[in-house]
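Here you go, one structure.
The values are calculated or read from the model by the stated rules, or taken from the named source; none is laboratory data. These figures come from a predicted structure and were not determined experimentally. Cβ: placed from backbone, ideal geometry, glycine included. Neighbour counts: every protein chain shown. Note: accessible area is taken over every heavy atom of the protein model, side chains too, but ligands, DNA and RNA are not part of it. Shrake-Rupley method; radii C 1.70, N 1.55, O 1.52, S 1.80 Å.
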Amino acid sequence: MITLKEALSLGSEEIKKLREDLASKIKENNIGAYVEQLTSQDINESGSGIPIAIKDNINVKDWEITCSSNILKGYKSPYNATVINNLEKAGLSAFGRANMDEFAMGSSTESSCYGKTLNPVDNTKVPGGSSGGSAAAVAGGIAIAALGTDTGGSIRQPAAYCGCVGMKPTYGRVSRYGITAYSSSLDQCGPITQNVEDAAILYDIISGNDPLDSTSANVEYEAVTPKLDSNKKLTIAVIDNFVEQASPAIKAAFKKSVKALEEAGHTIVHKNMLDTDKILSSYYIVATAEASANLSRFDGVRYGNRKGEGGLKDMYVQTKSQGFGDEVQKRIMLGSFVLSSGYYDAYYIKAQKVRHLIKDEYEAIFNEADLILSPVAPTTAPEFGSFKTSLEMYLSDIYTISVNLAGLPAISLPVDKDEEGMPVGLQLIGKAYDEQTLFDGALSLEKAVN
């Protein structure tokens, strides 16, 4: 597949041919990366620019946007998300609805109402989630690049499982206007691409302050792509207690990458952080609490396919019972519980205090280091059905969620393969609003391991 950098140099006739070829390729390669593949429809197109796959929770005008949930089937967006407008200004266009976990809740893209997405490297394995469709499309050669959203690793983890690059910007750096919220204080939209340079290009295109988004950061912004420098020597911290919990394949790839970074002239320092159990608990309390509030609007009155004929209460119960899948219902109930009278102080307030501790720990490490190197997941992509309980699925996020709690930027890139040939991804974590250093370090690591 042509890279985004190469596609930007094409003329209008070449782009038209590229779009036709890509639509044909998507029909032939049915891994379920796109909703259209799973519903036997023609690919959704908007505009005539360079085609970019769009996760199904990002609004594109006149497209059916459902967040891969039964409750929103038939809903057509009346407007574009800000990131879509930014794509169009740069000569890019939305092209295809990437499959996802329902309302971005999951780590395997198995909870989509349309069906599961297959990992393009090995179809018996999950592609990760919740942006599994976006990552599978890019890694499977049926997308030049894609947009995903990251609440607790939902860009970085599927990118690591599928063998492509996934980047989560600093919270507030990219507008959330027009993106259906899972957890408003954690969500961030970002690029999934074939390489680090493409990720930087797409990040530059979608970033910037947006007056339509009250959480958008009004800070000075400079494009990172023109100043990319893989030769910059950095101090990179390694979180030793994080690596201990990883599988042998992840540990081996991590050790190999640390050595490659040292040989490239970077300085490695060793650090420890808060126990991952506390990070996991804090994340799932905060995320589910915000999810229960955000999803209350899908009630059959304001949004959602209305069900039930026995009065208002019956309508609420039937609409939500039939519209939401099991995982979404679990998280809504958990979130409502931790916000309820008598439990708010015991759970939600305590989780916010732990969140502050996590942020403080990152700041302490960044006083001595430019970047942090960490695994993305404890293992490579597991097989379908291997998560017996929701808790097992939640544990696959232990390395990624702290980044969202602290609002930091991070990028996942493939560094190795395990004995079965599955990609191993590692992530670099940067200081808030210092995406330039993050991309410089990622470009250096990409060159060092490849």
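Any idea how many residues of the range 116-138 are more than 21 Å from residue 188 (Cα to Cα) and buried (at least 24 other Cβ atoms within 10 Å of the Cβ)?
Residues in the range 116-138 being more than 21 Å from residue 188 (Cα to Cα) and buried (at least 24 other Cβ atoms within 10 Å of the Cβ): 3 in total.
Which of the residues that make up the range 51-71 are in contact with a strand residue (DSSP E or B) (Cβ under 7 Å, 6 or more places away or on another chain), surrounded by fewer than 24 Cβ atoms within 10 Å (Cβ to Cβ) and not in a loop (DSSP other than H, G, I, E, B)?
64, the sole residue that qualifies.
Taking the range 72-109, which residues are under 21 Å from the mean Cα position of the chain (by Cα) and either surrounded by fewer than 21 Cβ atoms within 10 Å (Cβ to Cβ) or free of Cβ contacts under 8 Å to residues at least 40 places away in the same chain (or both)?
Within the range 72-109, 85, 86, 93 meet the criteria.
Does the range 385-415 hold any residues that are at pLDDT 95 or above and more than 14 Å from residue 429 (Cβ to Cβ), and which are they?
Selection gives 414, 415.
Here's another thing I want to ask about it. Identify the single condition in (1) among the hydrophobic types (A, V, I, L, M, F, W, C); (2) over 20 Å from residue 132 (Cα atoms); (3) open to solvent by less than 60 Å² (accessible area, probe 1.4 Å) that residue 334 does not satisfy, given that it satisfies every other one.
Among (1) among the hydrophobic types (A, V, I, L, M, F, W, C); (2) over 20 Å from residue 132 (Cα atoms); (3) open to solvent by less than 60 Å² (accessible area, probe 1.4 Å), the lone unmet condition for residue 334 is (3).
OK, next. Quickly run through the range 277-290 and pick out the residues that are under 19 Å from residue 395 (Cα atoms) and in contact with a Leu (Cβ under 9 Å, 6 or more places away or on another chain).
The answer is 278, 279, 280, 282, 283, 284, 285, 286, 287, 288, 289.
Pairs needed: first member in the range 215-227, of a type in the set (Gly, Ala, Ser); second member anywhere, in a loop (DSSP other than H, G, I, E, B) and surrounded by 12 or more Cβ atoms within 10 Å (Cβ to Cβ); C-beta distance under 7 Å; at least 6 residues apart or different chains.
Note: pairs meeting the criteria are 216/172; 216/175; 216/209; 216/210; 217/172; 217/173; 217/209.
Next question. Would you point out which residue out of 301, 238 is in a strand (DSSP E or B) and either surrounded by 14 or more Cβ atoms within 10 Å (Cβ to Cβ) or hydrophobic (A, V, I, L, M, F, W, C) (or both)?
So the residue among 301, 238 that is in a strand (DSSP E or B) and either surrounded by 14 or more Cβ atoms within 10 Å (Cβ to Cβ) or hydrophobic (A, V, I, L, M, F, W, C) (or both) is 238.
Within the range 169-211, restricting attention to residues that are assigned to a loop (DSSP other than H, G, I, E, B) and aliphatic (A, V, I, L, M), which residue is nearest to residue 75 (Cα to Cα)?
Top of the filtered list is 181.
So that you can scan it fast, the table gives a plain yes or no per residue for (1) part of a loop (DSSP other than H, G, I, E, B); (2) touching a Ser or Thr at 6+ places or on another chain (Cβ under 9 Å); (3) within 23 Å of residue 398 (Cα to Cα):
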position: 78; (1), (2), (3): yes, no, no
position: 84; (1), (2), (3): no, yes, no
position: 93; (1), (2), (3): no, yes, no
position: 103; (1), (2), (3): no, yes, yes
position: 117; (1), (2), (3): yes, yes, yes
position: 130; (1), (2), (3): yes, yes, yes
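How many residues are surrounded by 14 or more Cβ atoms within 10 Å (Cβ to Cβ) and either touching a Ser or Thr at 6+ places or on another chain (Cβ under 9 Å) or at pLDDT 95 or above (or both) when one looks only at the range 307-331?
10
Could I ask something else about it? What are the residues in the range 259-282 that are more than 24 Å from residue 340 (Cβ to Cβ), assigned to a helix (DSSP H, G or I) and open to solvent by less than 20 Å² (accessible area, probe 1.4 Å), if any?
260, 261, 276
Please give the number of the condition residue 204 fails out of (1) open to solvent by less than 40 Å² (accessible area, probe 1.4 Å); (2) within 23 Å of the chain's Cα centre (by Cα); (3) under 30 Å from residue 346 (Cα atoms); (4) without any contact (Cβ under 8 Å) to a residue 40 or more places away in the chain.
(3)
Which of the residues spanning the range 1-17 are assigned to a helix (DSSP H, G or I) and either touching a helix residue (DSSP H, G or I) at 6+ places or on another chain (Cβ under 7 Å) or under 11 Å from residue 145 (Cβ atoms) (or both)?
Answer for the range 1-17, where residues must be assigned to a helix (DSSP H, G or I) and either touching a helix residue (DSSP H, G or I) at 6+ places or on another chain (Cβ under 7 Å) or under 11 Å from residue 145 (Cβ atoms) (or both): 4, 5, 7.
Would you mind telling me which numbered condition in (1) buried (at least 24 other Cβ atoms within 10 Å of the Cβ); (2) part of a helix (DSSP H, G or I); (3) more than 10 Å from the chain's Cα centre (by Cα) residue 143 fails?
(2)
So which of 177, 182 ends up being more than 20 Å from residue 137 (Cα to Cα) and either among the polar types (S, T, N, Q) or under 15 Å from the mean Cα position of the chain (by Cα) (or both)?
182
Here is a follow-up. Just need a number here: residues in the range 30-50 that are without any contact (Cβ under 8 Å) to a residue 60 or more places away in the chain and either open to solvent by less than 10 Å² (accessible area, probe 1.4 Å) or assigned to a loop (DSSP other than H, G, I, E, B) (or both).
Count: 10.
Residue 223: at pLDDT 95 or above, hydrophobic (A, V, I, L, M, F, W, C) and surrounded by fewer than 18 Cβ atoms within 10 Å (Cβ to Cβ), yes or no?
Taking the combined requirement at face value, the residue satisfies it.
Moving on. Contact list please: Cβ distance under 6 Å, first residue in the range 283-298 and part of a helix (DSSP H, G or I), second residue of a type in the set (Lys, Arg) and open to solvent by less than 20 Å² (accessible area, probe 1.4 Å), pairs at least six apart or on different chains.
288/331; 291/331
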